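Asker: The structure that follows is given in the form of structure tokens.
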Amino acid sequence: MGVPEIPVTPSESNPLVRCVRLSGRLDTLTVGSIGPVIFQTIEESPSGVILDLGDVSFVSSAGLRLLVDAFKSAVSSGKKMAMTRLQPEVYKIFKIAGLDPLLAVFNDETQALNEIWKKES
């Protein structure tokens with residue numbers, strides 16, 4: 001079972017920010033394919049990345065590790081990272097793991113841009 005192509009697009013409101021739309025599951029079977037896309041996008045983005053998790057139905061510990069590593073990579077590169085549109089079940093996993101204060105989570109792209117990138121637009 002292959003991982004579908006992962007869309008990466010510039011934000012319409014701030015072209016310095018790239019948006020990565022993920023779907024399905026973030027688990028041991030998918031992080032090997034998804035991780036390189038996220039890290040390459042962080043590297044290539046001038047300002048940072050928004051991960052749209054609206055179509056992600058499940059995040060395992062491997063998926064959480066990937067997201068934390070991506071956040072650390074963004075910060076160490078002087079960039080920002082936000083996540084948007086988390087399903088309630090996925091947000092619950094973030095809360096249980098105690099990651100909701102560390103990882104910037106927003107309702108949508110507009111809110112993330114207004115809160116994190118407002119000084120750059």
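The values are calculated or read from the model by the stated rules, or taken from the named source; none is laboratory data. As the structure is a computational prediction, the values presented were derived from the model and not from experiment. Cβ placement follows ideal geometry from the backbone for every residue including glycine, while neighbour counts extend to all protein chains displayed.
Asker: State the number of residues belonging to the stretch 81-117 that are among the charged types (D, E, K, R), more than 19 Å from GLY24 (Cα to Cα), touching a strand residue (DSSP E or B) at 6+ places or on another chain (Cβ under 7 Å) and free of Cβ contacts under 8 Å to residues at least 60 places away in the same chain.
Answerer: 1
Asker: What pairs can you find where one residue is in the stretch 27-41 and at negative phi and surrounded by fewer than 17 Cβ atoms within 10 Å (Cβ to Cβ), the other is among the β-branched types (Val, Ile, Thr) and outside any helix (DSSP H, G or I), and their Cβ atoms are less than 7 Å apart, with a gap of 6+ or different chains?
Answerer: Correct list of pairs: SER33/VAL3; VAL37/ILE6; VAL37/VAL8; VAL37/VAL20.
Asker: Another question, then. For GLU5, state whether it is at pLDDT below 95, over 11 Å from the mean Cα position of the chain (by Cα) and of a type outside the set (S, T, N, Q).
Answerer: When the stated conditions are applied, GLU5 passes them.
Asker: Could you check LEU67 against (1) touching a residue at least 40 places away in the same chain (Cβ under 8 Å); (2) part of a strand (DSSP E or B) and say which number it fails?
Answerer: So LEU67 meets the others, but not (2).
Asker: Got at least one residue in the stretch 42-51 being assigned to a helix (DSSP H, G or I) and under 11 Å from the mean Cα position of the chain (by Cα)?
Answerer: Yes, that holds for at least one residue.
Asker: If you don't mind, there's one more thing I want to ask. Taking the criterion of being surrounded by 18 or more Cβ atoms within 10 Å (Cβ to Cβ), more than 12 Å from the chain's Cα centre (by Cα), at pLDDT 95 or above and not in a helix (DSSP H, G or I), would at least one residue in the stretch 100-117 satisfy it?
Answerer: no
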